[in-house]
Amino acid sequence: MMGAGMDGLERHAIAVLVDNEPGILARVVGLFSGRGYNIESLTVAEVDRRNSLSRITIVTTGTRMIIEQIKAQLSRLVPVHKVLDLTDEGPFVEREMMLIKVAGQGEVRIEALRLADIFRARVVDSTIGSFVFELTGSAEKLNAFIALMEPLGLVEISRTGSVAISRGAASL
Amino acid sequence: MSAEPISGAEIVIRALVDQGVDVVFGYPGGAVLPIYDALFKQNALRHILVRQEGGAVHAAEGYARSTGRVGVVLVTSGPGATNAVTGLTDALMDSVPIVCLTGQVPTHLIGNDAFQEADTTGITRPCTKHNYLVKDVRDLSRMIHEAFYVAKSGRPGPVVIDLPKDVLFAPGPYSRPEDARHKSYRPQTIPEAARIAQAIDMIAAAKRPLFYGGGGLINSGTEACAGFTELVRLCDAPCTLTLMGLGAFPAGDPHFLGMVGMHGTYEANLAMHDCDLLIAVGARFDDRVTGRLNAFSPGSKKIHIDIDPSSINKNVRVDLPIVGDVGQAVSALLAAWPRGKPAQDRNGWWRRIEEWRARDCLRYDRSGRGVIKPQYAIERLFALTRERDVYVTTEVGQHQMWAAQFFKFDKPHHWMTSGGLGTMGYGLPAAIGVQIAHPDALVVDIAGEASILMNIQEMSTASQYRLPVKIFILNNQYMGMVRQWQELLHGGRYSESYTAALPDFVKLAEAFGANGRRVETAAEIDDAIRWMLTTPGAVILDVAVDPKENCFPMIPSGAAHNEMLLGPQDEAERPVSEEGMVLV
C-alpha cells in the first residue's frame, strides 16, 4: 500500500569502515535500535588485518531524510573511518551467501539436485536423506531458491546477509 | 615514552595533570582505591568530594560550561558508574565536554557478576560520545589522552574510561599527550568557502532575516560569541537565542528578541514564523524550539551552521548547510561581508517586530498585594546583582523558564541549565562546580523546591569546601511545570504534583552548616536578597511564591509558533489538540 507515510522509502546498502575494536558492532547496532532505524541486514568482518579495520555492510530502508541521518550518525561514531552509501555512489555488486538444508527421499531428492544445478548451488554436504546446498547471489535469487525448495523438504536455512562493493577501480 | 614504568593509577594522575586538569569531582570506592591512593600522594590535582556520583557529573558540567574546559569525574565501579549515568546523558544532550573515569572489577572477574560489577561500557555506550574499557596498562595513557581529545573536539560530549582495578596496579609506560593522535576522528571545523559566499548572498538579499543562535556558540567560545554579536549588528538583523545559547548575544542589545521556543518571547517566535531567512548558528532545531514541525517557519530559506553534520536536516530541511565550527564560520562570514554596500531595506521588518514587542509578552499580574510573584522575585534578583559577576545555574521546571525569561545575560558561560535532558537536581551540584572554577564570583542556583530536593545532599559538599553558593528557591509547593501541564491537558487533576511534606529549608540549611531564611511577602524580597548576597558561605533563600502562577508565554505541544498562549485567558480559549496531548 502506498500510504502517505510509506512513499519515498528507499533501500540503501551502506559500507562502513571501522576500527576493529571491542564494542564497535554494539555501537552500530545500538545506534540503529536507539534511533529507531531499520536494519534489513548487517554483516561484519575484518578486512585489513594490519590496520585492524573491519567492514560493516548495512542494508537499510528509510525516507531520504532518514537515510541521510543514518549516514551522518554513523560518521559521528568515533571509531568509524568512513561511511559510503553504495546505492548513491553508483553501480555496485551485492551478494549474499546461504547454506540451505533439504531432506527427502526419491523423486524430490533428484528434483532438488536438479534445481540446485540450475541455480548453480553447490552441494557441500550430503547424506542418504539430505543435502546441504551452498548458494551465492542476490537476495532475490536466494529467495527464489528457497521457494522452490520448500515443497521439496526444506528443513533449515542459514544466510549471511548482504555484502556489497562498488563496481570499477575506485576504492572506499 | 617515559623509561620508568609507573603504576596504572600513577599514569592516570600524570595524564590528567598533563591534560591541564586542576580539579576532579568524585567519590571513592573499592575499585578506584589505587587512584585515590595516588591522589593522596600528590598536590597538582585537587579532588572535590561530592555526596553522590550524580552530583559529581553535574558539578563537572558546571565547571566545564563556565570555563570552556573539560570537566573531570572519578567514580567507582557498579553503583558509582550507574549513578553517573544521568549526568553523562545530560552532558551528551547539552554537548558538555566531560571525561569520566570509572572503576571496574579486575579484568579476570569481568563478566562474573562480581561485587560492584556493572557493564559500564555497555550501559554508557548510548549516553556518551565515546567510551573505553582499558584492558591493558600499556593502552592506558593513550586512551586517556584520546578521551580528552574526543571530549572537546567537534561537538563536545562526555567520554567514559572504565578502569579495571588490576590495570590500576599494573606497572606500565607513560606517554605524553603529544604522542597520542586519534586514528580517525577528525571533525570538520573549517567551513567550505563557497558556502560562506552563498550565505553572504542570501543574508544580503533577505528582507526579513533572523539569527537563531544556540549552545554551539557558547561551546565554540567567547570569541565566537563576540563574532556572532558583531555579525548580527553588521547585518542589522534581529537575533534570538535558544535556552542553551543565552549569553551568546547581549540581552541588552536592541537586536535581541529574547529566547525562542515553548516559553520564548512572542516576538522571537513570531519572527521565527514570519522571517524569510533563518540563520541557525550552533542550534539544533530541537522540538522545544520548533513547535509543530509542519508549521515551522514556513516561508523562510534556512541556513544551518553546525559542527555536527548529523544535526543538519535531522528535524528541519535546510537550504544551505554549513558544516564547521561556528566560530570559524562566523569569522569567515565577517571577513567576507561586503562592507559599505547598502543592505536591504528592513524597516518594514523591524516595524512588525516592534509591534510584536509592544504586546509585552512577559507581562504578569502585579496587582496581588503581598504575595510574591515568581517572576518578580527573579526580576529583583537580577536587579540587585547587576553590578556583580554573576553565574546562574538552575534546576528544571517553571523556575528555570522564568529565570531564562527574566534574568538577562550579556556574556557567555554565565548561564548553566539542563536543556536537552531536563534534569531536575542539576542546579546545586552545577553551582558547586562553577564556584570551584570561579571562587570569587557570585554563583546563584535558581531552584524550585521539588528539584532542589533531588540533589540536596550536595549542600554538604558546599559546606565542606566553604563554597558560598546562593540557593534561591522559588517555593510554590508544587512541581510547577507538571501542575501547569495538568491544568492545561488533564482537566486540572493535579495527580501527585503537590508536595505535602516539604522540609523546613531554613533548618535544612542550618543542618548542613549553612544559612537559611524564608521570605513570604513582596515587600521583604529586596531585603531578603540583599541578606542572601551579603551572608557568607552557602545560603538558602526560601522564597514563598504564588503557588498558582503559570509560565507564559507558551507554545502548547503540537502547536505552531503563531499559536502561542500569552496568558491564562488564551489557555481557556484554546484547548490543546489531540496530537499535542501525546507529545512530551
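Bear in mind that the values in this text are calculations on the coordinates, not laboratory data. Since the structure is predicted, the reported quantities are computational estimates derived from the model, not experimental observations. For neighbour counting, all protein chains shown are included, and Cβ atoms are generated from backbone atoms with ideal geometry for every residue, glycine included.
Remark: relative contact order (region A:1-134) = 26 percent; criterion is Cα-Cα distance under 8 angstrom and separation of 6 or more residues. In terms of its C-alpha gyration tensor, region B:1-147 has a rounded overall shape, because the principal axis ratio a/c (a ≥ b ≥ c, square roots of the eigenvalues) stays below 1.5. Label region B:400-469 by shape, choosing from rounded, prolate and oblate, from the square roots a ≥ b ≥ c of the eigenvalues of the Cα gyration tensor; if a/c is under 1.5 it is rounded, and otherwise prolate applies when a/b is larger than b/c, oblate when it is not. Note, shape of region B:400-469 comes out oblate. Label sites at A:Ile128 and B:Glu520, each approximated as a point 7 angstrom past Cα along Cα to Cβ, lie 9.7 nm apart.
Sorting B:Met93, A:Met65, B:Met244 from the fewest to the most surrounding beta carbons within 10 angstrom yields A:Met65, B:Met93, B:Met244.
Each of B:Ile372, B:Ile525 was scored by other Cβ atoms within 10 Å of its Cβ. Listed from fewest to most, they are B:Ile525, B:Ile372. In loop segments of region B:81-167 as defined by DSSP, the chymotrypsin sites (Phe, Trp or Tyr not before Pro) with at most 12 further C-beta atoms inside 10 Å of their C-beta are B:Phe115. With a Förster radius of 60 Å applied to the C-beta separation of B:Gln569 and A:Ala103, the computed FRET efficiency comes to 0.20.
Approximating the spin labels as points 7 Å out from Cα along Cα→Cβ, the A:Asp117-to-A:Arg95 distance works out to 2.3 nm. Residues of chain B were split at every exposed loop site, defined as GluC sites (Glu not before Pro) in a DSSP loop with at most 13 other C-beta atoms within 10 angstrom, and the longest piece left, sites excluded, is B:1-386. Taken one residue at a time, the phi angles of region B:13-28 give Karplus couplings (6.51, -1.76, 1.60, θ = phi - 60°) of 4, 5, 5, 4, 4, 5, 7, x, 6, 10, 9, 10, 9, x, 8, x Hz. Gly and Pro are set to x. Paramagnetic label reach from A:Leu9 (point 7 Å along Cα→Cβ; backbone nitrogen cut-off under 19 Å): within region A:142-172, residues A:143, A:162.
Scan region A:76-172 for trypsin sites (Lys or Arg not before Pro) in coil per DSSP, keeping those whose Cβ has at most 16 other Cβ atoms within 10 Å, and list them by number.
Details: sites: A:Arg76, A:Lys82, A:Arg95, A:Lys101, A:Arg109, A:Arg114, A:Arg120, A:Arg122, A:Lys141, A:Arg159, A:Arg167; in loops: A:Arg120, A:Arg167.
Filter output for region A:76-172: A:Arg120, A:Arg167.
Residues whose amide H comes within less than 5 Å of that of B:His130, counting only those at least five positions distant or on another chain, are B:Val160 (H built at 1.01 Å from N in the peptide plane). Within region B:155-282, the proportion of Cα pairs with more than 20 Å between them is 57 percent.
Across region B:427-437, computed HN-Hα scalar couplings (Karplus, 6.51 cos²θ - 1.76 cosθ + 1.60, θ = phi - 60°) run x, 5, x, 4, 4, 4, x, 5, 5, 4, 6 Hz from first to last residue, x flagging Gly and Pro.
Using alpha carbon coordinates only, what is the Rg to Rh ratio of chain B, with Rh defined as the Kirkwood radius?
The Rg/Rh ratio comes out at 0.98.
Between the C-alpha center of region B:406-434 and that of region B:308-373 there is a gap of 22 Å. Assign one of three labels to the protein assembly as shown, namely rounded, prolate or oblate, based on the Cα gyration tensor with a ≥ b ≥ c the square roots of its eigenvalues; rounded applies when a/c is under 1.5, prolate when it is not and a/b is larger than b/c, and oblate otherwise. Note, shape of the protein assembly as shown comes out prolate. Amide H contacts under 5 Å for B:Ser577: none, restricted to partners 5 or more places along the chain or on a different chain, H placed in the peptide plane at 1.01 Å from N. Between B:Asp440 and B:Ala383, full extension at 0.36 nm per residue minus the direct alpha carbon distance yields a gain of 18.5 nm.
Taking amide H as placed 1.01 Å from N in the peptide plane, B:Gly103 has its amide H under 5 Å from the amide H of B:Val75, B:Thr76, B:Ser77, B:Leu163, each at least 5 places away in sequence or on another chain. Provide, in order from the shortest bin, the percent of all Cα-Cα pairs of chain A in each 10 Å bin, continuing until the bin that contains the maximum pair distance. That works out to 9, 31, 27, 21, 10, 1, in percent per bin.
The string of couplings for region B:356-369 from the Karplus curve (6.51, -1.76, 1.60, θ = phi - 60°) is 5, 4, 5, 5, 6, 5, 8, 4, 9, 6, 9, 6, x, 8 Hz, one whole number per residue in order, with x for Gly and Pro.
Region B:518-584 and region B:167-232 have Cα centres separated by 35 Å. In plain terms, the residue of B:Phe382, B:Phe25 with the fewest other Cβ atoms within 10 Å comes first and the most crowded comes last, giving B:Phe382, B:Phe25.
When you filter the trypsin sites (Lys or Arg not before Pro) in region B:28-90 for DSSP loop state and at most 12 other Cβ atoms inside 10 Å of their Cβ, you are left with B:Lys41.
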